[in-house]
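Sharing a structure, written as structure tokens. Questions coming.
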Amino acid sequence: MVEELRQDIPNVKNCSDPKAEMMKSPTDPHVIIDVLEETLASELASFSQQKTSIEE
């Protein structure tokens, strides 16, 4: 969609946009869930360590 909008604007030169190309590819929702769960676990562990050090 981003690439289509860019092509529709006449004053924008035709150029390659790697980020737009990357956004065109399909995304596996299971991979996203896995990454979110890993990030959440890491953030919670970090938060827990900070909380413990503050209480000491």
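The values are calculated or read from the model by the stated rules, or taken from the named source; none is laboratory data. If you're wondering where the values come from, they're calculated on a predicted model, not measured in any experiment. Cβ sites come from the backbone with ideal geometry, for glycine too, and all protein chains shown count toward neighbours. The protein model used for the area step is the full one, side chains on, heavy atoms only, and it has no ligands, DNA or RNA in it. Shrake-Rupley method; radii C 1.70, N 1.55, O 1.52, S 1.80 Å.
Cβ-Cβ distance below 9 Å, separation of 6 or more or different chains: which pairs start in the stretch 3-23 with a residue that is among the polar types (S, T, N, Q) and modelled with pLDDT under 75 and end on one that is exposed (fewer than 10 other Cβ atoms within 10 Å of the Cβ) and part of a loop (DSSP other than H, G, I, E, B)?
That search, which allows pairs on different chains as well, returns Q7/N14.
For the stretch 25-44, which positions are surrounded by 10 or more Cβ atoms within 10 Å (Cβ to Cβ) and not β-branched (V, I, T)?
D34, L36, E37, E38, L40, A41, S42, E43, L44
Moving on to the next point. Regarding T52, is this residue open to solvent by less than 90 Å² (accessible area, probe 1.4 Å) and either among the charged types (D, E, K, R) or at pLDDT 75 or above (or both)?
Working: open to solvent by less than 90 Å² (accessible area, probe 1.4 Å): yes; either among the charged types (D, E, K, R) or at pLDDT 75 or above (or both): yes.
Answer is yes for this residue.
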